[in-house]
Amino acid sequence: MDNDRRDFIKTSAMASVAAVAAGGSPAVAEELNESIQDSAVQWTKSVCRFCGTGCGVMIGHKGDQIIAMRGDPEHPTTKGLVCAKSLFLPKIVHSKDRLTTPMLRKDGKFVPIEWEEAMELMADKFAKAIKKHGPDSVAYYGSGQAMTEESYLCNRLFKGGIGTNNVEGNPRLCMASAAGGYVTTFGKDEPMGCYEDIWHANTIFLVGSNTAECHPVIFDQILAAKQQNRRLNVIVLDPRKSPAASIARLHLAPTPGYDLAVFHSMAHCLIRDRHHDPEFIDKNCQFKIMQDGEPINVGFEGYVKFLEDFTPERAEMQSGVPAEQIEEAAKLFSYGPTMSIWTMGLNQRTRGVWANNLMHNLHLITGNIGKPGATPFSMTGQPNACGGVRDTGTLCHILPYGRSLKKKEDRQNMEKIWGSKPGTIQSKPGLHTVEMFRALGENKIKAMVILTTNPGQSMPNLHPVRDAIGKERKDKPFVVCLDIYPTRTTEIADLVLPAAMWSEKTGVFGMSERRYQLHPQIKQPPGQARSDFDIMLDFAGRLEDKGVVKKGYTKGKFKNTDDMWDEIRLASKGTPYDFMGITRERLKKERGLRWPCPTEDHPGTARRFVKGDDPNLDAGKYADHTLAQGESKFFAAPDQRAVVWLRPALGPAEPADEEYPFILSTGRVMEHWHSGTMTMRAEELRRAYPHSFMEINPKDAREMGIRSGDMIKITSRRGVAKIRARVVDMPQPGMVFVPWCWEDKDSLINFVCIDAFDPGSKQPEFKMCAVKLEKI
Amino acid sequence: MAIVGAFARIESDLISSCQSALEEIAGVSIFDIEDPDKLGVLVEADSLNEAHSTITTTIRTTPGVLGVWPVYVNTEDEQVHN
């Protein structure tokens with residue numbers, strides 16, 4: 001690189017930083033664009049492909065090569081900020097070991113085959129299974145990383161075309177409990193608040209969320225808000241002293257799995273000290289407990305009585321959190337506006353839905369909801385778990401945009417939109433994720449397609465899952481895997497189809513604050529790779545030809561994802577999600593839009609369920625003209641009142657015991673994302689954390705004679721992993737923590753994890769299982 | 001050759017001492033930006049790996065640095081080599 005070019009790049013880098021530091025002001029952004037005019041590089045607006053923050057990025061490309069990345073300072077919420085992972089996307093896209101040819105397993109080895117042969121074989125296997133064993137003999141397992149149009153297409157094909165609800169995806173492993181919490185409390189899924197709330201809050205309650213590493217851009221916004229507002233208090237509730245806890249005024253560290261008592265006790269203190277909001281409660285809440293499988297109204301008085309069992313002293317006995325800390329947390333929570341942010345620590349639990357309900361309870365009883373800075377807010381871990389899977393209903397128990405499988409009217413409505421044969425959509429939910437892989441192992445599922453995800457590494461209790469996918473046996477099911485790289489799943493699949501990724505295809509991602517954003521195609525996929533959309537559209541057409549899907553159901557209707565987006569918008573029309581106004585043209589021009597957004601001149605919705613903001617309260621079946629501006633109404637809940645749930649404070653499925661005396665919790669590190677399939681391809685990120693590690697508290701390490709670097713055998717009732725120790729005062733005594741991003745078979749921690757799941761959300765308990773440790 | 005533009009968020013009381021410490025790091029230039037709680041950081045290194053290592057191990061651990069967020073990276077040379 002010559003000096004002139006180098007100086008130019010340095011100026012561009014400094015200008016980009018200045019633009020971000022200025023908080024995304026349009027004037028500075030324009031100045032930036034002028035200062036880095038570079039005839040050699042074309043810059044295109046896009047969105048990051050990693051977590052659910054949805055950071056706006058600018059991709060610098062020259063021909064078919066992506067050569068630079070920067071944050072997009074014009075992005076309304078992330079304002080140019082991105083984390084290290086995003087900046088390595090060019091390397092990840094251009095990695096040399098991308099899958100480029102369809103591969104078929106023959107005699108135990110993969111051989112390259114032509115697309116025509118691959119697609120015909122896939123369609124043939126599925127069609128034969130459906131004809132011989134019925135629609136429920138096939139299954140789809142998708143991803144919160146697929147584009148919205150891809151997930152919607154697959155949901156449409158399987159539920160409305162083939163006629164099976166065996167439609168699942170990896171959001172079942174990360175966000176199902178959050179969805180269950182929203183639905184049971186407010187009647188509909190998805191957060192009602194937005195990122196702007198961070199800037200208005202006086203208290204931020206981070207629960208089971210290592211925001212510093214897993215959502216670093218949001219963490220910086222919290223830091224910035226804290227520097228701007230000296231009254232802002234951060235409370236962290238997490239059994240592990242994660243990096244996020246470093247900024248907390250108060251860190252509550254419950255015994256893993258025993259935090260439900262803490263939430264109840266905080267509610268007890270808030271009401272005892274008159275920090276609740278009787279007027280808000282009277283207008284907006286109802287109080288329920290489950291008895292004999294039925295919800296029973298108990299009223300506010302019943303709730304107060306229920307909470308008598310949760311004095312801080314009693315809660316301390318159950319949770320291990322000192323009573324005075326619970327008192328302090330309740331006091332800080334009452335210094336509203338209060339925003340709670342949570343992720344997997346609350347969700348990946350057998351009590352995940354209940355934990356979410358109790359989180360909402362605190363906001364409802366204090367009226368800390370629906371106002372700037374006051375909201376419960378779950379963050380998602382994938383770029384499109386919200387928009388792509390939860391919203392499109394690409395799970396076994398739901399239909400698009402808040403519709404229910406159980407309601408005949410909803411099924412008929414979707415059959416009409418999709419053009420299905422009447423009666424095709426079944427009312428009975430399909431198999432959820434854990435059951436689906438069990439059924440695959442029992443050969444009840446005969447053919448399965450896995451798209452943009454890596455269950456051969458990411459599922460809990462991994463041995464039976466890997467056997468289900470890949471173990472040779474009589475009548476072994478046929479498993480097709482679409483991916484961009486070789487993974488622990490592709491290695492055991494029967495047919496591997498090379499897929500395009502991110503900047504090689506055009507589609508929509510919907511992130512945590514309901515913002516839908518377009519990522520455009522910038523380059524061609526490598527080799528023969530095709531977008532998942534193209535592959536599944538091709539597959540759908542072939543199933544029509546083979547007589548297992550109605551003729552013309554998909555064929556000829558859609559050429560590309562733009563066409564599909566129009567049907568998707570139509571499917572949202574008239575629902576509380578209504579985003580008819582989020583047209584493709586607007587998405588190309590604007591930095592995303594938050595639903596609901598019913599018309600093309602609507603600006604999108606910052607806060608749902610609030611008069612003057614949520615368009616559902618202005619027109620349509622939920623309209624209420626008696627409300628004052630800024631007043632809340634939970635119109636989607638039964639009787640239009642949010643439910644404060646009285647839930648038992650139960651613990652984890654597998655507590656520590658004499659034989660397995662430690663609790664294992666799993667999570668991530670900043671540099672790596674999920675199963676590491678992508679981030680391990682960037683040498684710089686891989687070297688930052690080349691090997692897995694097990695954090696252990698110094699007290700336990702001392703007692704066991706363990707030093708940092710010692711190899712430890714971690715054993716549960718399900719499996720073993722061998723990982724080096726890191727002695728550090730982060731997990732509490734009795735707990736060990738292991739990130740799950742490494743694919744090395746010896747250190748794959750998911751062999752050890754439990755597949756017990758929440759009875760409501762069916763989400764597995766990745767955060768807690770009992771293990772024993774042995775130095776080897 | 002790798003060039004990374006980043007900003008470091010600094011504890012408000014430690015801006016000046018932090019700036020001095022960061023300026024001592026080889027390959028790192030510090031520049032002022034509008035926000036008083038942040039410093040602009042330009043890292044020049046022989047490889048992206050080295051630049052990343054400077055950010056994660058040296059800059060991030062400097063007393064007073066609350067976090068470092070790279071917002072621009074140029075991999076032009078490395079793409080050409082690919």
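The values are calculated or read from the model by the stated rules, or taken from the named source; none is laboratory data. Predicted model, so just to flag it, every value in this text is computed and none were measured. Please note: Cβ atoms are built from the backbone with ideal geometry, for glycine as well, and neighbour counts cover all protein chains shown.
Put simply, of A:Ile714, A:Ile754 the only residue that is more than 30 Å from A:Met290 (Cβ to Cβ) and among the hydrophobic types (A, V, I, L, M, F, W, C) is A:Ile714. Checked against the criteria, A:Ala244 counts as surrounded by 23 or more Cβ atoms within 10 Å (Cβ to Cβ) and touching a strand residue (DSSP E or B) at 6+ places or on another chain (Cβ under 7 Å).
Summed over segment B:56-66, the residues that are in a strand (DSSP E or B) and either more than 9 Å from every other protein chain (Cβ to nearest Cβ) or at positive phi (or both) give a count of 1. Scanning segment A:238-264 for residues that are in contact with a helix residue (DSSP H, G or I) (Cβ under 9 Å, 6 or more places away or on another chain) and aliphatic (A, V, I, L, M) turns up A:Ala244, A:Ala245, A:Ile247, A:Leu250, A:Leu252, A:Ala253, A:Leu260, A:Ala261, A:Val262. Evaluating A:Asn210 against the criteria (1) closer than 29 Å to A:Val304 by Cβ; (2) in contact with an Asp or Glu (Cβ under 9 Å, 6 or more places away or on another chain) leaves one unmet condition, (1).
For the criterion of being surrounded by 16 or more Cβ atoms within 10 Å (Cβ to Cβ) and among the acidic types (Asp, Glu), B:Asp13 fails.
Checking the conditions here, which among A:Ala447, A:Ala468, A:Ala500 is touching a residue at least 60 places away in the same chain (Cβ under 8 Å) and of a type in the set (Gly, Ala, Ser)? Before you say what the answer is, go through the steps one by one.
Details: A:Ala468 fails: touching a residue at least 60 places away in the same chain (Cβ under 8 Å); A:Ala500 fails: touching a residue at least 60 places away in the same chain (Cβ under 8 Å).
Going through A:Ala447, A:Ala468, A:Ala500 in turn, just one is touching a residue at least 60 places away in the same chain (Cβ under 8 Å) and of a type in the set (Gly, Ala, Ser): A:Ala447.
What is the residue count in segment B:32-55 for residues that are at pLDDT below 90 and facing chain A (nearest Cβ under 7 Å)?
Qualifying residue count, segment B:32-55: 8.
Can you say whether A:Val548 is of a type in the set (Val, Ile, Thr), crowded, with 24+ Cβ neighbours inside 10 Å, at pLDDT 95 or above and within 25 Å of A:Leu440 (Cβ to Cβ), as far as the supplied structure shows? Criteria not met by A:Val548.
Within segment A:51-70, if we keep just the residues that are part of a loop (DSSP other than H, G, I, E, B) and within 14 Å of chain B (Cβ to nearest Cβ), the residue that is surrounded by the fewest Cβ atoms within 10 Å (Cβ to Cβ) turns out to be A:Gly63.
In segment A:687-710, of all residues being buried (at least 18 other Cβ atoms within 10 Å of the Cβ) and closer than 30 Å to A:His94 by Cα, the one that is modelled with the lowest pLDDT corresponds to A:Ala688.
Across segment A:81-96, not a single residue is classified as buried (at least 23 other Cβ atoms within 10 Å of the Cβ), touching a Gly at 6+ places or on another chain (Cβ under 6 Å) and of a type in the set (Gly, Ala, Ser). All of (1) away from chain B (no Cβ under 14 Å); (2) touching a residue at least 24 places away in the same chain (Cβ under 8 Å) hold for A:Glu658 with one exception: (2).
Listed conditions (1) closer than 22 Å to A:Thr677 by Cα; (2) more than 26 Å from the chain's Cα centre (by Cα); (3) surrounded by fewer than 22 Cβ atoms within 10 Å (Cβ to Cβ) are all met by A:Gln521, apart from (2).
Residues of segment B:9-29 that are more than 7 Å from chain A (Cβ to nearest Cβ) and in contact with a Gly (Cβ under 7 Å, 6 or more places away or on another chain): B:Ile10, B:Glu11, B:Leu14, B:Ser17, B:Cys18. Against the conditions (1) more than 22 Å from the chain's Cα centre (by Cα); (2) charged (D, E, K, R); (3) crowded, with 24+ Cβ neighbours inside 10 Å, A:Arg349 satisfies every one except (1). Among the residues of segment A:33-46, are any among the small types (Gly, Ala, Ser), farther than 18 Å from B:Val41 by Cβ, touching a strand residue (DSSP E or B) at 6+ places or on another chain (Cβ under 7 Å) and at pLDDT 85 or above? Yes, that holds for at least one residue.
A single member of A:Lys226, A:Lys188 is surrounded by fewer than 24 Cβ atoms within 10 Å (Cβ to Cβ) and over 20 Å from the mean Cα position of the chain (by Cα), and it is A:Lys226. What is the residue count in segment A:724-740 for residues that are farther than 12 Å from A:Met694 by Cα and either polar (S, T, N, Q) or buried (at least 23 other Cβ atoms within 10 Å of the Cβ) (or both)? Counting residues in segment A:724-740 that are farther than 12 Å from A:Met694 by Cα and either polar (S, T, N, Q) or buried (at least 23 other Cβ atoms within 10 Å of the Cβ) (or both) gives 1.
The set of residues from segment A:374-419 being of a type in the set (Val, Ile, Thr), buried (at least 24 other Cβ atoms within 10 Å of the Cβ) and not in a loop (DSSP other than H, G, I, E, B) comprises A:Thr375, A:Val389, A:Ile398.
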